[in-house]
Amino acid sequence: ASRNASSVLLRVAAARFAEMKSIDEFDFKLAEGLEQPAILELAKGGFIDRRENVVLVGPVGTGKTHLAIALGIEAARQRRHVAFFRAADLVRQLVEAKGQRELGRIERKLARVNLLILDELGFVPFDRQGGELLFNLFSARHQRRSTVVTTNLAFSEWPAAFGGDEKLTVALLDRLSETATIITTKGKSFRMRRRANQGKAA
């Protein structure tokens, strides 16, 4: 039991989550359009066994990152290899690695990750090179490994985030969404609503 607990802690630490957020801490009462049973089913990790993806789409502050991290923590508890990146940070690392001729090493490392979480895709647009490198990553993981993506962009808006390359973006979306569960969050920011409620209470 001790070895298992240590292994889980190591996998959680290795994932490098931006913060620790669990399923139990998620406020489903504030969430609009989310079905709690569907989220709890994803937390069991079956989609990872099936090498499927999850895409969380919705406005800023509606719980997408929380849910993505929570799914990642559950996967780590199931002793899976998980990695968390903000999309812009990962693309920057890939571009730098290509310039230093170390791209192959990073790609091999990511290929061993059972669940890759890309947060905030579309917040920072990529140039053509960054878009191509991310496309190659999705292609390499297609039907081999699982990816969770959070974004505030509708799919029709994705080309703008990939240097305006519509063909590349359509091909990327085709690979990503072929076996994906699409979850749409709605409403106003949780943080804004909590502050408003605190103000009313005061």
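Values for this structure:
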| read-out | value |
| --- | --- |
| Cut-off under 5 Å, modelled amide H: who pairs with Val148 long-range | Val54, Leu116, Ile117, Leu118 |
| The chain: most fluctuating residue of Asn152, Asn114, Asn136 per GNM, C-alpha cutoff 10 Å | Asn136 |
| Selection of trypsin sites (Lys or Arg not before Pro), region 81-158, meeting DSSP coil and at most 12 other Cβ within 10 Å | Arg101, Arg112, Arg144 |
| Beta bridges by DSSP in the chain, antiparallel share as percent, to the nearest 5 | 5 percent |
| Most to least accessible of Glu157, Glu120, Glu166 (protein chains only, probe 1.4 Å) | Glu166, Glu157, Glu120 |
| Cα centroid of region 79-154 to Cα centroid of region 1-62, whole Å | 19 Å |
| Listed residue pairs exceeding 31 Å between alpha carbons, taken from Lys21/Lys186; Lys109/Lys167; Lys29/Lys167; Lys21/Lys109; Lys64/Lys167; Lys109/Lys186 | Lys29/Lys167; Lys109/Lys186 |
| Once the Cα gyration tensor of region 105-147 is diagonalised, semi-axes √(5λ) in Å | 19, 12, 9 |
| Cleavage-rule hits, GluC sites (Glu not before Pro), region 1-102, DSSP coil, Cβ neighbours within 10 Å at most 14 | Glu19, Glu25, Glu35, Glu102 |
| Carbon + sulfur, % of accessible area of the chain - ligands and nucleic acids excluded, 1.4 Å | 49 percent |
| Convex hull of Cα atoms in region 29-95, direction-averaged projection (nm²) | 5.5 nm² |
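The values are calculated or read from the model by the stated rules, or taken from the named source; none is laboratory data. Small disclaimer: the values here were computed from a predicted structure and weren't measured. Neighbour counts are summed over all protein chains in view; Cβ atoms, including those assigned to glycine, are modelled from backbone coordinates with ideal geometry. Ligands, DNA and RNA are stripped out before the accessible areas are found, and what is left, the full protein with its side chains, is counted by its heavy atoms. Shrake-Rupley method; radii C 1.70, N 1.55, O 1.52, S 1.80 Å.
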